[in-house]
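K.L.:
This is the structure I have questions about; it appears just below.
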Amino acid sequence: MLAVNADPNGTLEVNGHLDAPAQPGIFGDQAKKIHIEGKWELRNGKAIGAATIHAEPQGLRLSMQQTDWLVISGTSAYVQGRALSEQGAEYTVRLLMDTARGNRVNPRCFPS
């Protein structure tokens, strides 16, 4: 279950989990669930916020502290930023969310 709250005035919150894809790839071979908790906002035209993303069991764990951009349009929201793994590797994280179709989130993580 995942809750997404996107406000057209520039705030976005996501909290919960989703099933890992059949081919979890970067999230880890044993990943069953991907947990996401984050909050972002537009402040004076700049996107700020943070998130944690981790796959369970024994999967990738990321801490996202830098937000590159945030777009909220209608029922859709998009955020991209940089995250660090527990081992210090940097990743680009892209989250695509839709609140109208069952709070869908499509997480993408790429080594930077």
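K.L.:
Hey, could you check the range 75-92 for residues that are outside any strand (DSSP E or B) and touching a residue at least 24 places away in the same chain (Cβ under 8 Å) and say which is nearest to residue 16 (Cα to Cα)? Full working, then the answer.
P.N.:
Residues of the range 75-92 that are outside any strand (DSSP E or B), as a first pass: 75, 86-89.
Add one more test, that the residue is touching a residue at least 24 places away in the same chain (Cβ under 8 Å), and what stays is 75, 86.
Working: 75: 18, 86: 20 Å.
In this case the residue turns out to be 75.
K.L.:
Among the residues of the range 71-85, is there at least one that is farther than 22 Å from residue 10 by Cα and in contact with a strand residue (DSSP E or B) (Cβ under 7 Å, 6 or more places away or on another chain)? So that I can check it myself, show each step before the final result.
P.N.:
Going through the range 71-85, the residues farther than 22 Å from residue 10 by Cα turn out to be 84-85.
Next, only the ones that are in contact with a strand residue (DSSP E or B) (Cβ under 7 Å, 6 or more places away or on another chain) stay: 84-85.
Yes.
K.L.:
Might you check whether a residue that is in contact with a Ser or Thr (Cβ under 6 Å, 6 or more places away or on another chain), in contact (Cβ under 8 Å) with a residue 60 or more places away in the chain and surrounded by 14 or more Cβ atoms within 10 Å (Cβ to Cβ) occurs anywhere in the range 5-20? Working first, answer last.
P.N.:
Pass one, the range 5-20, residues in contact with a Ser or Thr (Cβ under 6 Å, 6 or more places away or on another chain): 6.
Within this subset, residues satisfying the condition of being in contact (Cβ under 8 Å) with a residue 60 or more places away in the chain are 6.
Next, only the ones that are surrounded by 14 or more Cβ atoms within 10 Å (Cβ to Cβ) stay: 6.
Yes; the residues of the range 5-20 include at least one that is in contact with a Ser or Thr (Cβ under 6 Å, 6 or more places away or on another chain), in contact (Cβ under 8 Å) with a residue 60 or more places away in the chain and surrounded by 14 or more Cβ atoms within 10 Å (Cβ to Cβ).
K.L.:
Here are the criteria: (1) more than 10 Å from the chain's Cα centre (by Cα); (2) loosely packed, with under 15 Cβ neighbours inside 10 Å. Tell me which single one residue 106 does not satisfy.
P.N.:
(1)
K.L.:
Which residue out of 99, 67 is open to solvent by 30 Å² or more (accessible area, probe 1.4 Å) and touching a residue at least 24 places away in the same chain (Cβ under 8 Å)?
P.N.:
Working: 67 fails: open to solvent by 30 Å² or more (accessible area, probe 1.4 Å).
That would be 99, the only listed residue that is open to solvent by 30 Å² or more (accessible area, probe 1.4 Å) and touching a residue at least 24 places away in the same chain (Cβ under 8 Å).
K.L.:
Please pick out the residue among 34, 72, 53 that is in a strand (DSSP E or B), touching a helix residue (DSSP H, G or I) at 6+ places or on another chain (Cβ under 8 Å) and either open to solvent by 30 Å² or more (accessible area, probe 1.4 Å) or in contact (Cβ under 8 Å) with a residue 40 or more places away in the chain (or both). Lay out the reasoning, then the answer.
P.N.:
Numbers: 72 fails: touching a helix residue (DSSP H, G or I) at 6+ places or on another chain (Cβ under 8 Å); 53 fails: touching a helix residue (DSSP H, G or I) at 6+ places or on another chain (Cβ under 8 Å).
From the options 34, 72, 53, the qualifying one is 34.
K.L.:
Considering 95, 62, which residue is within 14 Å of residue 6 (Cβ to Cβ) and in a strand (DSSP E or B)? Please lay out each step first, then the result.
P.N.:
On the way: 62 fails: within 14 Å of residue 6 (Cβ to Cβ).
Residue meeting the stated conditions: 95.
K.L.:
Can you tell me which residues in the range 21-31 are open to solvent by less than 20 Å² (accessible area, probe 1.4 Å) and closer than 25 Å to residue 71 by Cβ?
P.N.:
Hit for the range 21-31 is 27, nothing else.
K.L.:
So, of the residues in the range 37-50 that are open to solvent by less than 20 Å² (accessible area, probe 1.4 Å) and among the small types (Gly, Ala, Ser), which turns out to be modelled with the lowest pLDDT? Full working, then the answer.
P.N.:
Within the range 37-50, the first condition is being open to solvent by less than 20 Å² (accessible area, probe 1.4 Å), and the residues that meet it are 38, 40, 47.
Add one more test, that the residue is among the small types (Gly, Ala, Ser), and what stays is 38, 47.
Working: 38: 93, 47: 90.
Here the answer is 47.
The values are calculated or read from the model by the stated rules, or taken from the named source; none is laboratory data. Quick caveat: nothing in here was measured; it's all calculated off a predicted structure. Counting neighbours? That spans all protein chains shown, and the Cβs are built from the backbone with ideal geometry, glycine included. The protein model used for the area step is the full one, side chains on, heavy atoms only, and it has no ligands, DNA or RNA in it. Shrake-Rupley method; radii C 1.70, N 1.55, O 1.52, S 1.80 Å.
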